[in-house]
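Participant: A single structure is presented below for examination.
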Amino acid sequence: QVQLVESGGGLVQAGGSLRLSCAASGNILCINAMDWYRQAPGKQRELVARITGGGSTNYADSVKGRFTISRDNAKNTVSLQMNSLRPEDTGVYYCHLKYCQPVSDSLDAWGQGTLVTVSS
């Protein structure tokens with residue numbers, strides 16, 4: 001019943017900016033963390049940024065200082081502001097939710113992914 005809807009992907013030039021958004025809906029009692037992962041062609045999926053239920057954030061070293069993750073608790077949304085984009089940022093970006101329901105406190109859900117292409 002829980003669904004994640006992503007938006008904001010597209011094609012940008014190197015040095016440009018892009019903002020991704022993800023909205024969660026369904027039977028969600030609490031949110032433990034909201035994450036952005038990405039998977040480049042031929043590469044393993046990697047964690048890009050995370051914001052926990054307590055509001056703390058974590059970033060991959062490759063995006064520190066360029067990407068910012070934020071959330072709107074009232075709307076169950078998470079955003080990723082991406083600045084100074086590089087060709088190596090190209091990949092499919094996935095929203096990931098760690099949440100709880102009344103009978104389970106450790107569940108997760110994935111979005112379908114949105115493609116980000118950074119041209120050189």
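Participant: (1) without any contact (Cβ under 8 Å) to a residue 12 or more places away in the chain; (2) touching a Leu at 6+ places or on another chain (Cβ under 7 Å): which one isn't true of Tyr99, the others all being true?
Facilitator: (1)
Participant: Filter segment 35-47 down to the residues that are touching a His at 6+ places or on another chain (Cβ under 9 Å) and touching a residue at least 60 places away in the same chain (Cβ under 8 Å) and list them by number.
Facilitator: Asp35, Trp36
Participant: Follow-up. Kindly indicate the residue of segment 100-113 that is open to solvent by 20 Å² or more (accessible area, probe 1.4 Å) and at pLDDT 95 or above and also nearest to Gly16 (Cα to Cα) among those meeting that condition.
Facilitator: Gly113
Participant: Any idea how many residues of segment 1-21 are among the hydrophobic types (A, V, I, L, M, F, W, C), open to solvent by less than 70 Å² (accessible area, probe 1.4 Å) and within 30 Å of Ser120 (Cβ to Cβ)?
Facilitator: Selection size over segment 1-21: 4.
Participant: Sticking with this one: Conditions: (1) farther than 22 Å from Asp72 by Cβ; (2) within 17 Å of the chain's Cα centre (by Cα); (3) in a strand (DSSP E or B). Gln44 meets all but one. Number of the miss?
Facilitator: Failing condition for Gln44: (3).
Participant: Please enumerate the residues belonging to segment 22-47 that are open to solvent by less than 70 Å² (accessible area, probe 1.4 Å), among the polar types (S, T, N, Q) and over 16 Å from Ala109 (Cβ atoms).
Facilitator: Within segment 22-47, just Gln39 meets the criteria.
Participant: Asn32 is checked against (1) in contact (Cβ under 8 Å) with a residue 60 or more places away in the chain; (2) polar (S, T, N, Q); (3) in a loop (DSSP other than H, G, I, E, B) and fails just one. What number does that condition carry?
Facilitator: (3)
Participant: Does Arg50 satisfy being touching a residue at least 12 places away in the same chain (Cβ under 8 Å) and farther than 16 Å from Ala24 by Cβ?
Facilitator: no
Participant: Which members of segment 55-95 meet the condition of being in contact with a strand residue (DSSP E or B) (Cβ under 9 Å, 6 or more places away or on another chain), open to solvent by 80 Å² or more (accessible area, probe 1.4 Å) and in a loop (DSSP other than H, G, I, E, B)?
Facilitator: Across segment 55-95, the qualifying residues are Gly65, Asn73, Lys75, Arg86.
The values are calculated or read from the model by the stated rules, or taken from the named source; none is laboratory data. All values derive from a computational prediction rather than experimental measurement. Cβ coordinates were reconstructed from backbone atoms using ideal geometry, including for glycine residues, and neighbour counts include every protein chain displayed. The area values use the complete protein model at the heavy-atom level, side chains included, leaving out ligands, DNA and RNA. Shrake-Rupley method; radii C 1.70, N 1.55, O 1.52, S 1.80 Å.
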